[in-house]
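Report on the following structure.
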Amino acid sequence: MFAHDIILKPIITEKSMACMQMKKYTFKVKKSANKIEIAKAVEEIFKVKVAKVNTLNVRGRLRRQGRTQGYTPSWKKAIVTLTEDSKSIEFFDGMM
């Protein structure tokens, strides 16, 4: 599995922007990826050192369109913490 197959996209929210001062970055990842694969993918793509990875499964939400209803797809979120001596991820630097 390639690194770009594991890391799907960054999550840009107010809470994730506030965590960037503590070197914590949030990504949407592949549902079958484990913490070790996520850490290796982030290190390979962004050339940084990962201290730890926290993951959580996000359930789909109930949505309505008129009288029909259904669930959005569930997905996996990863919060990646970098080491103190590691550089920051350049992709997020322009957003702060």
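Where the accessible area of the chain is counted over protein heavy atoms with a 1.4 Å probe, how much of it, in %, is carbon and sulfur? Could you put the intermediate results ahead of the total?
Details: 3580 of 6800 Å².
The nonpolar share, carbon plus sulfur, comes to 53 percent.
Averaged over residues, the count of other Cβ atoms within 10 Å places the peptides 47-56, 26-35 in the sequence 26-35, 47-56, highest first. Here each label is just a point 7 Å from Cα along the line to Cβ, and for F91 and A51 those points are 2.1 nm apart.
A cut-off under 13 angstrom between Cβ atoms defines the neighbours of K31, and their net charge, with Lys, Arg +1 and Asp, Glu -1, is +3. The length gained on full extension between Y71 and C19, counted as 0.36 nm times the residue separation minus their Cα-Cα distance, comes to 15.8 nm. At a probe radius of 1.4 angstrom, the accessible area of segment 1-93 per residue rounds to 70 square angstrom. The alpha-carbon of K76 sits under 15 angstrom from the alpha-carbons of these aspartates and glutamates, leaving out residues fewer than 8 places away in its chain: D5, E37.
Calculated FRET efficiency, K40 to R61, Cβ-Cβ distance, R0 = 25 Å: about 0.20 to the nearest 0.05. Which of the listed residues, P73, A51, F2, is farthest toward the dipole's positive end in the chain, when Lys, Arg count +1 and Asp, Glu count -1 at the beta-carbon? Towards the positive end, the residue furthest out is P73.
The values are calculated or read from the model by the stated rules, or taken from the named source; none is laboratory data. Everything numeric here is computed off the predicted structure, so don't read it as measured data. Counting neighbours? That spans all protein chains shown, and the Cβs are built from the backbone with ideal geometry, glycine included. Side chains included, ligands, DNA and RNA excluded: accessible areas come from the protein's heavy atoms. Shrake-Rupley method; radii C 1.70, N 1.55, O 1.52, S 1.80 Å.
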